[in-house]
Amino acid sequence: RSSDLINFMGVYTHLANSGFLYTLIGDSLYKIDLYKENEYTTVSLADGAEFKTSESGAVIAVQNDPEDISSGIKVINLNDDSEKIIEGKEGEGVKILGFIEEDLVYGYVKEEDIKTDVMGQTLYPCHKVFIQDEKGDIITEYTSGTYRVESIQSEADRIIFNRVSRVQGGSYDED
């Protein structure tokens, strides 16, 4: 069984089933072979990169430039050392929303839906949301014609979509 991700003073560590110790320090994720004492960087994060981790810390989702949703999401499974890239589609980008236990939640955002609110915060409302397991298999898909998902909250085995709807003038109201 993997140990939980530990966050101590901004340093994240995870002990994988394979005997590798992963440590995220600053903008680098280090993989240390506990049997061979071999250390090397597996991921270099750009300044301002956004990352979210699963409940156990075994899966990390990284978006190197959260303001450039066309840059895609890199999903790293520390238990089996696999990586997967989730890319946007034509006219759409992809945004990390978070995790519910070990499952990644992300959404697709149409470029024309991106808006800046009155406080100057950029909103990335997702018209389509996916939940995928740690192997990368899609578990479920959520789509709503009139609503967009701006963010999520996860509590135990439950997920709450914080939705918005577009009003006249192109801005959004919380649902």
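The values are calculated or read from the model by the stated rules, or taken from the named source; none is laboratory data. Remember, it's a predicted structure, so these values are computed and weren't measured experimentally. Reconstructed Cβ throughout: ideal geometry from the backbone, glycine too, with neighbour counts over all protein chains shown. These area figures cover heavy atoms from the full protein model, side chains too; ligands, DNA and RNA do not enter into them. Shrake-Rupley method; radii C 1.70, N 1.55, O 1.52, S 1.80 Å.
Annotations for the structure displayed:
- Test: residue in region 96-104 that is open to solvent by 60 Å² or more (accessible area, probe 1.4 Å), more than 21 Å from GLY26 (Cα to Cα), touching a residue at least 24 places away in the same chain (Cβ under 8 Å) and acidic (Asp, Glu): yes
- Scanning region 136-149 for residues that are under 16 Å from the mean Cα position of the chain (by Cα) and open to solvent by less than 50 Å² (accessible area, probe 1.4 Å) returns GLY136, VAL149.
- Residue match in region 39-62 (condition: free of Cβ contacts under 8 Å to residues at least 60 places away in the same chain, of a type in the set (S, T, N, Q) and buried (at least 17 other Cβ atoms within 10 Å of the Cβ)): yes
- Some residue of region 126-135 being more than 16 Å from ARG163 (Cβ to Cβ) and exposed (fewer than 11 other Cβ atoms within 10 Å of the Cβ): no
- Within region 104-157, being under 22 Å from LYS84 (Cα atoms) and touching a Pro at 6+ places or on another chain (Cβ under 7 Å) holds for one residue alone: VAL109.
- Entirely in region 66-153, the strands (runs of 3 or more DSSP E) that have 1 or more residues that are touching a helix residue (DSSP H, G or I) at 6+ places or on another chain (Cβ under 9 Å): 92-100, 103-110
- Checked against (1) over 18 Å from ASP157 (Cβ atoms); (2) in contact with a His (Cβ under 7 Å, 6 or more places away or on another chain); (3) in contact (Cβ under 8 Å) with a residue 24 or more places away in the chain, LYS110 passes all but condition (3).
- Among all residues of region 108-115, there is at least one that is surrounded by fewer than 11 Cβ atoms within 10 Å (Cβ to Cβ) and either within 21 Å of GLU67 (Cα to Cα) or out of contact with any strand residue (DSSP E or B) (no Cβ under 6 Å at 6 or more places or on another chain) (or both).
- Given (1) at pLDDT 80 or above; (2) surrounded by 20 or more Cβ atoms within 10 Å (Cβ to Cβ), index of the condition LEU5 fails: (1)
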